[in-house]
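For reference, the structure discussed in these notes is given below.
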Amino acid sequence: MTLAELIAQARTALDTAITARQQEQDALMALRSDENLTEEAVAARVATRDAADQEVTRRQEALAELEAEQAREDELARLQARTAPAATRALAYDRVARVGAEERTYRPDEDRRGARFEGDVAAAFLGDYEARDRLARHMQEERVERGDQLRAAGTGAFAGLVVPQYLTDMYAPAAQANRPFADAIRRHDLPAQGMQVNISRVTTGAEVDNQTSENTEVAEQDMDDTNLAIPVQTAAGQQTISRQSVERGAGVEAVVLDDLFRRYNTNLDNKLLNQATTGLSAVATAITYTDTDPTAAELYPRVVEGLAGVEAAMLDMASGDNLAVMHSRRWYWMQNAMGSTWPLITQPGVIAQTLGANYATAYGRGIRGILPNGTPVVVDNNIATNLGAGTNEDEIYLVDRQECHVWEDPDAPMYIRAEQAKASSLGVLLVVYGYFAYTHARYPQARKISGTGLVTPAFTGA
């Protein structure tokens, strides 16, 4: 394995450690919102978070050591190129130092059109360290053989030789809502076979009552269950790109696949929220908030009402790990509100005089903040904003996080790269697909706030 490959591996490990640390921090903040939390539980979670912090530090130091080693190797390579052994170094009649037996990095007899050079230029911008090394050697060779010519002229003198550069590493992908809700709920691996997931739900339970008198029959009720059938769905998208764009472009295939992957994630999250019959909006019990002049202070009691409904539906199966899911426009509207009153009952981790707390977390990176009663907030812009009679309303969802389930293939999304299908038109077909299943109805617990009080918000401070 090369040093460049080790560095790439170390960067991946660091990214993984940072993600794990963020998840531990989110879990800690969610735990602090639990009214039944204990000091021991918090201490254990803090210890886990701190261990994740240490792992980030360890990975960071390992990456720094490898990068320092790479920098030293590059420095030695440049030094070696400048100081060829005396036996191989000689001045030509025009007193210009030339490279002896060592072959040039880019040879015109092997690559007349300069394709290797142009390919390395593009690859270097995309982070290919070996390509950068080859370009560095080429520049050193140019300085040795033609240094007196190169120093005297700028790039304007070589308009036909200087390659125009596009900042391929700074391309702007199409913005997507992605999958904040799907990442926040309970995830399972999809079974390897079958197009349906079945869950048994006990709909009629046993009975226990006081015995009327000694030696009399005690209470009995036959238990019964109902099968909850959950279909496995297939999400897929495709894009045909020209072979020219793949072979002569810079990173075109990676850009297209990235867009397809992100659209796959957005579609999945959108279905979890909005799909007819089974989506969260379809199965949640509605709590209507009707108001021609809505305020955050008036909305908040409906939020608490919804959370009360979630727990009442779950009874002893309630995990207490509740979530409020809302559109970004609703979250910022609630932050915009001002007030002179505050809850009568304080909550862990929430200052009594405020309407919750904002964690200033970036979109799609986990919990955005908490409400006055400590309920974590997930912001998801897949929530529809064209609901209601005026087609300008959104909804707020209140759920038990542990009772919103999504099954996904561990390798999803997957992709197919097919050249033969489009060979006659010199096309390359890219297909991204995946299988998933979900349910919010194992227990009918979800609540949603809807109505004219959730029209397009006006940021007035009320």
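The values are calculated or read from the model by the stated rules, or taken from the named source; none is laboratory data. The model shown is predicted, which means the values in this text are computed figures rather than measured ones. Using ideal geometry, Cβ is built from the backbone for each residue, glycine included, and neighbour counts are taken over all protein chains shown.
The residue that is modelled with the lowest pLDDT, among those in segment 18-36 that are assigned to a loop (DSSP other than H, G, I, E, B) and farther than 16 Å from Ala357 by Cα, is Glu35. For segment 275-296, the tally of residues that are in a helix (DSSP H, G or I) and free of Cβ contacts under 8 Å to residues at least 60 places away in the same chain stands at 1.
Can you find a residue in segment 238-249 that is closer than 30 Å to Thr341 by Cα, of a type in the set (S, T, N, Q) and either part of a strand (DSSP E or B) or in the same structural domain as Arg116 (by TED's automatic domain parsing) (or both)? Checked segment 238-249: no residue is closer than 30 Å to Thr341 by Cα, of a type in the set (S, T, N, Q) and either part of a strand (DSSP E or B) or in the same structural domain as Arg116 (by TED's automatic domain parsing) (or both).
A quick yes/no check of all residues on (1) more than 25 Å from Phe436 (Cβ to Cβ); (2) of a type in the set (A, V, I, L, M, F, W, C); (3) at pLDDT below 95:
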{"position": "Gly309", "(1), (2), (3)": "yes, no, no"}
{"position": "Ser319", "(1), (2), (3)": "no, no, yes"}
{"position": "His327", "(1), (2), (3)": "no, no, no"}
{"position": "Gln347", "(1), (2), (3)": "yes, no, yes"}
{"position": "Ile370", "(1), (2), (3)": "yes, yes, yes"}
{"position": "Ile396", "(1), (2), (3)": "no, yes, no"}
{"position": "Asp409", "(1), (2), (3)": "no, no, yes"}
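Per the conditions (1) surrounded by 11 or more Cβ atoms within 10 Å (Cβ to Cβ); (2) over 20 Å from Ala441 (Cβ atoms), the sole criterion not satisfied by Ala192 is (1).
Out of (1) over 27 Å from Gly366 (Cβ atoms); (2) in contact (Cβ under 8 Å) with a residue 24 or more places away in the chain, the odd one out for Arg447 is which? It fails just one condition, (1). Restricting segment 409-462 to residues that are within 17 Å of Asp258 (Cβ to Cβ), of a type in the set (A, V, I, L, M) and under 21 Å from the mean Cα position of the chain (by Cα), the residue that is surrounded by the fewest Cβ atoms within 10 Å (Cβ to Cβ) is Met414.
A quick yes/no check of all residues on (1) hydroxyl-bearing (Ser, Thr, Tyr); (2) closer than 30 Å to Asn198 by Cα; (3) in contact with a helix residue (DSSP H, G or I) (Cβ under 7 Å, 6 or more places away or on another chain); (4) at pLDDT 85 or above:
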{"site": "Arg417", "(1), (2), (3), (4)": "no, no, no, yes"}
{"site": "Ala421", "(1), (2), (3), (4)": "no, no, no, no"}
{"site": "Val431", "(1), (2), (3), (4)": "no, yes, no, yes"}
{"site": "Gly434", "(1), (2), (3), (4)": "no, yes, yes, yes"}
{"site": "Arg442", "(1), (2), (3), (4)": "no, yes, yes, yes"}
{"site": "Gly461", "(1), (2), (3), (4)": "no, no, yes, no"}
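Candidates Ala362, Ala313: the one that is surrounded by fewer than 16 Cβ atoms within 10 Å (Cβ to Cβ) and at pLDDT 85 or above is Ala362.
For (1) assigned by TED's automatic domain parsing to the domain that holds Val377; (2) modelled with pLDDT of 80 or more; (3) exposed (fewer than 12 other Cβ atoms within 10 Å of the Cβ), each residue gets a yes or a no:
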| residue | (1), (2), (3) |
| --- | --- |
| Thr38 | no, no, yes |
| Ala47 | no, yes, yes |
| Ala52 | no, yes, no |
| Arg78 | no, no, no |
| Arg82 | no, no, yes |
| Pro85 | no, no, yes |
| Thr88 | no, no, yes |
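Within segment 388-433, being within 30 Å of Asn322 (Cβ to Cβ) and basic (Lys, Arg) holds for one residue alone: Arg401.
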